[in-house]
Amino acid sequence: MAKDELFQERVVRVEKPSAHFTLLRNTTGEFLGVSDTNELSVFDYVDDKAIWEKVEGSSAYRHVTTDLQLEAESTDAEDGCYLRHNGSLLGKDGNTANEGDIFSAGHGPGHLPSEYLESFWENGWVCLPSIIAPDTIEELERVSCTGRWEADTYERRIPPLNETAAVAKIITEPVSLWLMRQYMKTHEIRLGHSPGFAILSPDDGKRNVQGWHSDFPYLWGIAGSEAVNRIPVHKVDGLVMGVQRNLCVSEFRSENGATCFKLGSHTLGQGPPIEWVNGNTSRQEGYRETKGIPYSGPDADVIEAPPGSYIVYDSRIWHRAGVNRTEHKRAAMLQAVIPMFIMPFMDTSTPYKNFIHSPLVDELTELEQKELESVMVNKMVGPAGHLAITVDEELTEKIRPS
């Protein structure tokens, strides 16, 4: 690559919203909203029906799409309140009740979910800026040894899911779950692997830089993908077999190694070109020393976003890790998400079982526990009912090459 094209990607900057909407949860974690028939109800998902905003200068909440208003009154519960509609208390199901349920007001999206979905469908990617609350991001920084904790050394002892409940919280973030289910046209979606941190240290000018590729389950441009019968190159149609959901734990900037993309490439039905240097080639020992870094010119794109942002994109989009040209570590949390009919990349049952048998599970609401099971437990449904699928250690040893 010509030197004058180094780090010349087009920058797409997604700014932090000036304000965030509010999500109102009952004691089991369901979301209060207004139904299509204009009735208060609770939902186990978040679309426009469950979006509220605080009315300035009052204790009221306004439903964003219908203008219905609720009055909040304090309780003895931490971060909880009673809600009234036309003077009547609301129960757990959103209907009026003699005894009101305690609702919590939490961090919501900066824009309506329908606006995000429209952008996702149009472009094949969408950014949900600062969708994760700051206290959760701070906890992830602590665990990943970045931000204020970057002097510490991150050791991959156990999956991050089992280190802090913050990981389960971000896995079950409701707006991004709804978007992915809509984009893949199925409610039954799964994690292709247990979420993990991607921590990019300051570049030393010598180490190889990740090559261009598509993500799981396509893995176009990555060695071995054809040998293990991954998704073959094919004409693009309406079937989406994978979405990548990456959390910006740190702020993502071009100079600190934000992911490089070729936006729109999901429509091409093929992997990145050899001349851009794909994942097969860039891993060769000494490649950077002799050939330099993969393509980083003006035909590529970098998405910059504030910490706590989810970048959600069609797994076919070509991309690669950036180069961290700062003095500080940059952290992300990577999540490959697939429809249930795709074989997962790794077994998620062991980290899930360890989590639900730990005290961390008590930090989740009932709905969060339900959603975590939904995306981490692979199921087989047949005459015998619902059966969990996991790894058979004896058979695994039997099929491994000697």
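The table below lists the values:
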{"read-out": "Looking only at region 11-20, and only at residues there that are in a loop (DSSP other than H, G, I, E, B) and within 19 Å of the chain's Cα centre (by Cα), the one that is nearest to Ala50 (Cα to Cα)", "value": "His20"}
{"read-out": "Within region 46-80, considering residues that are of a type in the set (A, V, I, L, M, F, W, C) and touching a Phe, Trp or Tyr at 6+ places or on another chain (Cβ under 6 Å), the one nearest to Pro109 (Cα to Cα)", "value": "Ile51"}
{"read-out": "Among the candidates Ile137, Ile131, Ile158, residue that is closer than 30 Å to Ser349 by Cα, among the aliphatic types (A, V, I, L, M) and exposed (fewer than 14 other Cβ atoms within 10 Å of the Cβ)", "value": "Ile158"}
{"read-out": "Test: residue in region 293-303 that is under 20 Å from Ile231 (Cβ atoms) and of a type outside the set (Lys, Arg)", "value": "no"}
{"read-out": "Residue check for Asp47: free of Cβ contacts under 8 Å to residues at least 60 places away in the same chain and not assigned by TED's automatic domain parsing to the domain that holds Ser254", "value": "no"}
{"read-out": "Elements of type strands (runs of 3 or more DSSP E) contained in region 60-108, each with 3 or more residues being more than 14 Å from Asn26 (Cβ to Cβ), free of Cβ contacts under 8 Å to residues at least 40 places away in the same chain and not basic (Lys, Arg)", "value": "69-74"}
{"read-out": "Sole residue being closer than 18 Å to Gly124 by Cβ and over 22 Å from the mean Cα position of the chain (by Cα), chosen from Gly271, Gly264", "value": "Gly271"}
{"read-out": "Check on Tyr218, among the hydroxyl-bearing types (Ser, Thr, Tyr) and either surrounded by fewer than 21 Cβ atoms within 10 Å (Cβ to Cβ) or more than 20 Å from the chain's Cα centre (by Cα) (or both)", "value": "no"}
{"read-out": "Flag if Trp318 is at negative phi and either aliphatic (A, V, I, L, M) or touching a helix residue (DSSP H, G or I) at 6+ places or on another chain (Cβ under 7 Å) (or both)", "value": "yes"}
{"read-out": "Pair list, Cβ < 7 Å and 6+ apart or interchain, from region 150-178 residues that are free of Cβ contacts under 8 Å to residues at least 24 places away in the same chain and not assigned by TED's automatic domain parsing to the domain that holds Ala198 to residues that are part of a helix (DSSP H, G or I) and hydroxyl-bearing (Ser, Thr, Tyr)", "value": "none"}
{"read-out": "Residue within region 68-87 that is among the small types (Gly, Ala, Ser), within 16 Å of Ser41 (Cα to Cα), touching a strand residue (DSSP E or B) at 6+ places or on another chain (Cβ under 9 Å) and outside the structural domain of Val175 (by TED's automatic domain parsing) present", "value": "no"}
{"read-out": "Single residue of region 94-105 satisfying the filter (of a type outside the set (S, T, N, Q) and touching a Ser or Thr at 6+ places or on another chain (Cβ under 7 Å)) that is surrounded by the fewest Cβ atoms within 10 Å (Cβ to Cβ)", "value": "Ile102"}
{"read-out": "Meets criteria (touching a Phe, Trp or Tyr at 6+ places or on another chain (Cβ under 8 Å) and either β-branched (Val, Ile, Thr) or surrounded by fewer than 16 Cβ atoms within 10 Å (Cβ to Cβ) (or both)) for Ile342", "value": "no"}
{"read-out": "Residue selected from region 376-395 under the condition outside any loop (DSSP other than H, G, I, E, B) and of a type in the set (A, V, I, L, M, F, W, C), by the criterion farthest from the chain's Cα centre (by Cα)", "value": "Leu395"}
{"read-out": "Failed criterion for Asn38 (all others in (1) assigned to a strand (DSSP E or B); (2) surrounded by fewer than 19 Cβ atoms within 10 Å (Cβ to Cβ); (3) not small (Gly, Ala, Ser) hold)", "value": "(1)"}
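One line per residue, one yes/no per condition, for (1) touching a strand residue (DSSP E or B) at 6+ places or on another chain (Cβ under 9 Å); (2) not aromatic (Phe, Trp, Tyr):
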{"residue": "Tyr287", "(1), (2)": "no, no"}
{"residue": "Thr290", "(1), (2)": "no, yes"}
{"residue": "Ile303", "(1), (2)": "yes, yes"}
{"residue": "Pro306", "(1), (2)": "yes, yes"}
{"residue": "Ala321", "(1), (2)": "yes, yes"}
{"residue": "Gln335", "(1), (2)": "yes, yes"}
{"residue": "Ser402", "(1), (2)": "no, yes"}
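The values are calculated or read from the model by the stated rules, or taken from the named source; none is laboratory data. Remember, predicted model here, so these are calculated numbers, not experimental data. Glycine also receives a Cβ, built like all others from the backbone with ideal geometry; neighbour counts cover every protein chain displayed.
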